[in-house]
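Beneath this line is the structure, given in structure tokens, with notes to follow.
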Amino acid sequence: MEKKFGVYLCKGCGMGEALNFESIAKVVKKEGKIPHIKEHDILCSPEGLDLIKQDMVAEGINCMVIAACSSRVKYEEFDFPNAIVERVNIREQVVWTQEPNTEATQAMAEDYLRMGCARVKKTELPEPYQTECDKTVLVIGGGITGLSAALEAANDGYQVVLVEKEAQLGGYGAKMHRQTPSSYPYTTLQEPVVFKKIQAVLDNPKVRVMTGSLIEKIEGQPGMFDAHIKNNGNVETVRVGSVVLAAGWRPYDATKLAHLGYGLTKDVITNLEMEELAKKGKIVRPSDGKVPERVVFVQCAGSRDPEHLPYCSDFCCLGSLKQAMYVREQNPDAVAMILYKDIRTPGQSELFYKQAQSDPGIMLTKAEVSGVSLAPAGKLLVSATDTLLGDNVAFEADLVVLATGIVPVTVDDPVINLDYRQGPGLPEIDVYNGFADSNFICFPYETRRTAIYAAGCVRQPMTMALAEADGVGAACKAIQALEHVAAGMAVSPRAWDETFPDPFMQRCTSCKRCTEECPFGAIEEDEKGTPFFKINRCRRCGTCMGACPERIVIFKDLNVDLIGSVVKAVDVPELEDEDDPAPPLRIIGLICENDAMPALDAAALHRLRLPSIIRFIPLRCMGSFAMEWIKIALNNGVDGMVLLGCKYGDDYQCHFAKGSELCAYRLTKLSETLDKLGLEADRVQQFQIAISDFDKLPQMLDDFVARVTEIGPNPFKGL
Amino acid sequence: MSTDNNKILVVGGGISGLTAALEAAESGAQVIIAEKAPYLGGRVAQLHRYFPKLCPPTCGLEINFRRIKENPNISFFTMAEVTQVSGGEGNFEVTLTVQPRYVNDRCTACNDCAEACTAWRVNDFNFGLDKTKAAYLPFDMAFPQKYLIDARACQADCGQKCKEACKYEAIDLGMKPQTLNFQVGSIIMAGGWEPYDAARMDNLGFGQVANVITNMQMERLAAANGPTGGQILRPSDQQAPKKVCFVQCAGSRDENHLPYCSYICCMASLKQALYLREKDPDAEAYVFYIDLRTPGRYEQFLWKVKEDEKVKLVRGKVAKITQEPGTDNVVVVAEDTAVGDKVHMTFDMVVLAAGMVPTTKAAPFPLPLSYTPDGFVIPELLPPGVYAVGNMKGPLDVMKSNEDATGAALKSLISLGRRS
């Protein structure tokens, strides 16, 4: 499109009283080189908006700089379809945080206009990246989670391929004798729901079931994955668009629980072996086939134990309560004793716990089980300390059931076997104790492999009822990913984004930094080692752009040159007197637009004072930070650069998982470069800041300004 | 999918409702959100941090609000309640009643009205720990960022002062409740929860002993945008408490109050013990519990808390809480089941881990639905095309509420498809 620029200045919310608009208009015209300037007392009012709309019609204005409030507010008012809109925040970032009518405040507002004009000129409208898109969902795992994912995806009209490694569908859900109740009044055991699900899946023409099958390899990208599925020695390639990973769990290896008596006699069994007995019809002692009179359940057998599993397996308390009911149902004279650390029946499952407690034949006590030994007459003795009945108590048992926990299959098997340069599995599994989980509370299905969603016990320990629901949620995400890929849009967390990285490959030196750093494994290499982008895997964080030393990665609204131009637009005050005790300084602030920017807005809402010498530039993620900008800034006489990014480390808050961490990593390299130039490394610093830290900003920024002041002006200034 | 009635109504704009709405809208449906409060975000907006990562909920809300802003498929109404529903799956007729905000879309959040306003109201966002002007913004991160006037707090004709102070003609004192009618194909109930009224447990002293507060009040005390600017101060004298008692199952797991477990309170109190410790390295926290419920990978969080020797976990049910005669301190009597003794201890402040009550307990949805005696929706008995998420069906944490809401979004989409 032919760009026609207009600048619109708002004088409301105190801006008219605090700033000299004539002077701003001069700057826009002369330096911003946009002569079409209009101002209004209340730009966001219908009258103010009419001014812009009339210009769009009469003058063909299609690129506007709107100098008013933060882009986080009045977004509906300033939304002009098919136009490029650059919001310049002179309300929160200038007028609400600065002294009115001072030179410094005026200079700040004028700088933001210069920067806005520079940015709008370099920004282009996005054109979505659309490829062919196969709308088939691949579900890996035919247990309760996978079955419900497959079924609901099919019910919504999508084709599904369901791959199960065993010969039968159903997983552990089908091995259960009964299921704990999942609905009110939570008192009676129910038939396992899995069999109905199996039938529904088998009856659904949209689901293709492949049992006895394994994923040998998945290659390609969302919308066009090629899954190589191995079945009976044959490998079939199936094209799918997205994946639900519901590969489930296996029981913790009970042979590692010798201290709890496993292996001592046949009468120490696991909870799973107990289910098998119950399912066969009769609970008997494996050693002699006798019906046990006293059954002792040992909770947390392996779970919540730093030597074994460092997590709670979630379902075992309910499971043992259920099995205690089996014992009592079969033999009304029998006693079931449950030894626990804590009974964990969260939510309404507490009602089931109460039901079990109301049976005098089911006894429960807190206990630390210290050992299991053989006793006369073929009996067993479970010793425990720290019980409600006293210390060092021994419980006689005919049968001991160890409530063994769960181990996600991903702990030692990537399962999805991705043909990705960064590896076959989901990354950082070890951070989550082997689970295919993420650390996002708000967005629990997000993984670092686009359009691949984990669900059920492969993701977290959970009960059958939760696993069933979890499968449906993952199916929703898998479907959504297909629709977004088809429309050429990103998926979470920038689900609206139609921009994408478009590298100018002629200048690529195959250094592979982008392929290594991309948090989502979106960049592969061809046979010659040249990187190529699998755009549908991309989440649009811009990390590749920040990583690339050749600056070749270009988004329509973000690239190294674009931000470089914004940095260059800042007016750096000249050092007039070498001996000035308070020389005029200028600092550039690069900030995460999701967290640091709202925190700055909140500081403004609280009318906190912030330093007047910093000019902030929001970025979609600090991962897009390019070292080139420091070079540009320092070359232009800027005295310091402050980066406000999200927390990193295991509890990272970056929504692109690695962005702020990679930014910090790049800065470690920078200090060497600065040292070589004789520049102090402290001139460029990154801080971790949360969105709620508005109150910490004044001190943090004042301290940084003080440090730069202490170091003194940039020696390259004016050169 | 049919386009003429490709619409879902999501009742409730808390984290479950937002997730359900966004996941459905990003999968192609048209979505309307009706939220009773003047802002979106619900309960999580009042939390200082989430467990187990100790990250601020506003971070994820910010992303969700951006998703709403960028998505033409979503519209939302605040101060709106569903007052009538008729019809069935595929063609529900729903009526929303929108309460007057007395502030229109011209509001720029400049704060001039609040400056001019002379009337005060108790701040419900901060659970009564402070006051705001009658013309106010619910909190700094409120979305939409729009003021409102609490007419109940206004004195005779004082509204004129706000009106005159507003340069933007944003104040409209003549606003009346509005009735809006929509046709939707399916409905997702995401009404969330209320904290259990702690004053109903007369043995625990809430409302009688000044320095007994609830867990949700503790969230506000710890938050930088809360009543104390993020300092944990006890109500009686605004001093920082050195020794704080957390009382678990305050109402929950109790036949006389809430027979169920409220799911989040163990994790919440452990988290709050860390708030206290983070702000004051000398402060001590005692947590009295029946069972410590940190299911799944949350166990790691329990281990982390246990590493702090100034957080003491005591197995025992608190029986009575009273004020220490002659001081502002609080005496807690508990059964220490590990020792088998009654314990008397004095604290500077007590935090009650009050449980969750579904909003449908007090205000059933305007459709004949089946509820448990505790007010939870029984999902199996919902009519076709109606789905309930998160705490409507039973107590849940944020992560699982989001999972559930994502699943409900798909079920709702399927429901829309079934009709076409």
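What follows draws every value from the coordinates through simple rules; no lab data is involved. Model, not experiment: these values are computed from the prediction. Here the Cβ positions follow ideal geometry from the backbone for every residue, glycine too, while neighbour counts run over all protein chains shown.
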When a footprinting reagent is the concern and you count Cβ atoms within 10 Å, what order do A:477, A:197, A:33 take, fewest first? A:33, A:197, A:477
Rounding to the nearest 10 and keeping the result within 0 to 90°, find how far the Cα-based axis of helix B:398-419 lies from the longest principal axis of chain B. 20 degrees
For the range B:148-159, in residue order, the Karplus 3J(HN,Hα) values (coefficients 6.51, -1.76, 1.60; θ = phi - 60°; whole Hz; Gly and Pro = x) are 8, 10, 8, 4, 5, 8, 6, 9, 3, 6, 5, x
Non-local residues with an amide H under 5 Å from the amide H of residue B:243, with H modelled 1.01 Å from N and Pro and chain starts lacking one, are B:284, B:348, B:349
Give the separation of the Cα centroids, the range A:35-54 to the range A:614-636, in Å. 31 Å
Relative contact order, percent, of the range A:30-126 when contacts are C-alpha pairs under 8 Å separated by at least 6 residues? 29 percent
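Cβ under 10 Å from residue A:646's Cβ, residue A:646 left aside: what net charge do those residues give with Lys, Arg +1 and Asp, Glu -1?
Once all neighbours under 10 Å are counted, the net charge is -1.
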For the range B:208-218, Karplus couplings with θ = phi - 60° (6.51, -1.76, 1.60), whole Hz, Gly/Pro x: 10, 9, 4, 9, 9, 10, 9, 4, 5, 5, 4
For the protein assembly as shown, give the magnitude of the charge dipole about the Cα centre (Cβ charges: +1 Lys/Arg, -1 Asp/Glu; no others), in debye to the nearest 20. 1560 debye
Output the relative contact order of chain A, whole-number percent, from Cα pairs under 8 angstrom with separation of 6+ residues. 12 percent
Can you bin every Cα-Cα distance in the range B:1-120 into 5 Å intervals starting at zero and give me the percent of pairs per bin, rounded to whole numbers? 2, 10, 16, 18, 19, 15, 10, 6, 3, 1, 0
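Mind listing which GluC sites (Glu not before Pro) in the range A:557-654 are in a DSSP loop and have 14 or fewer other Cβ atoms within 10 Å?
Counting only loop positions with at most 14 other Cβ atoms within 10 Å, the GluC sites (Glu not before Pro) in the range A:557-654 are A:574, A:576, A:578.
Do you know the relative contact order of the range B:262-420, to the nearest whole percent, from alpha carbon pairs under 8 angstrom that are 6+ apart?
16 percent
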Below 11 angstrom from the Cβ of residue A:158, what's the summed charge of the other residues (Lys, Arg +1; Asp, Glu -1)? -2
If you count, for every residue in A:604-616, the Cβ atoms of partner chains within 10 Å of its Cβ, what is the mean? 1
To make sure I understand the rule: partners must be lysines, Cα under 19 Å from the Cα of residue B:310, and not fewer than 8 residues away in the same chain. Which ones qualify? B:242, B:243, B:271, B:279
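Give the peptides A:199-210, A:226-237, A:264-275 in descending order of average Cβ contacts within 10 Å, highest first.
A:264-275, A:199-210, A:226-237
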Between the residues B:203, A:116, A:303, the Cα farthest towards the positive end of the dipole of the protein assembly as shown, that dipole coming from +1 and -1 charges on the beta-carbon of Lys, Arg, Asp and Glu, is from A:303
Provide the per-residue ³J(HN,Hα) series for the range B:95-111, in order, calculated from phi with Karplus coefficients 6.51, -1.76, 1.60 and θ = phi - 60°, each as a whole number of Hz, with x at glycine and proline positions. 10, 9, 10, 9, 6, x, 8, 6, 9, 9, 5, 6, 4, 10, 6, 7, 5
Work out the mean other chain Cβ neighbour count within 10 Å for the residues of B:296-305 and drop it here as an integer. 6
Potential lengthening between residue B:75 and residue B:122 on full extension [0.36 nm per residue; Cα-Cα distance subtracted]: 13.9 nm
Is the shape of chain B rounded, prolate or oblate, going by the alpha carbon gyration tensor and its root eigenvalues a ≥ b ≥ c, with a/c under 1.5 for rounded and a/b larger than b/c for prolate? oblate
Check which residues have an amide H placed less than 5 Å from residue A:335's amide H, if you skip close sequence neighbours. A:294, A:295
Output the Kirkwood hydrodynamic radius of the range A:25-144, Cα pairs only, in Å rounded to one decimal. 16.8 Å
For peptide B:19-28, the mean count of other chain Cβ atoms within 10 Å per residue Cβ is 5
How large is the charge dipole for the range B:328-420, taken about the Cα centre, if only the Cβ atoms of Lys, Arg (+1) and Asp, Glu (-1) carry charge, to the nearest 20 debye? 840 debye
Quick one: which residues, 5+ away or cross-chain, put their amide H under 5 Å from the amide H of residue B:223? H built at 1.01 Å from N. B:230
Against the longest principal axis of chain B, how steep is helix B:265-279, in degrees 0 to 90 to the nearest 10, with axes from Cα atoms? 70 degrees
I need the shape label for the range B:163-245. Rule: rounded when a/c is under 1.5, else prolate if a/b > b/c, else oblate, with a, b, c from the alpha carbon gyration tensor. oblate
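Just how large is the dipole of the range B:1-124 about the Cα centre, in debye to the nearest 20, putting +1 at every Lys and Arg Cβ and -1 at every Asp and Glu Cβ?
Computed charge dipole of the range B:1-124: roughly 400 debye.
Please report the net charge: other residues with Cβ closer than 11 Å to the Cβ of residue A:505, K and R +1, D and E -1.
Working: positive: A:507; negative: A:502, A:526, A:550.
That sum, taken over residues with Cβ under 11 Å, equals -2.
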In Å, the Kirkwood estimate of hydrodynamic radius for the range A:67-128 over Cα pairs equals 12.8 Å
Given charges at Cβ of Lys, Arg, Asp, Glu: the protein assembly as shown dipole, positive-most of A:618, A:199, A:522: A:199
Restricted to Cα positions, what overall size does the range B:226-341 have along the principal axes? Three whole-Å values, descending. 36, 33, 29
Scaled radius of gyration (Cα, divided by 2.2 N^0.38 Å) that the protein assembly as shown gives: 0.96
Looking at A:575, B:60, A:168, which one has the Cα that reaches farthest to the positive end of the dipole of the protein assembly as shown (charges on Cβ: Lys, Arg +1; Asp, Glu -1)? A:168
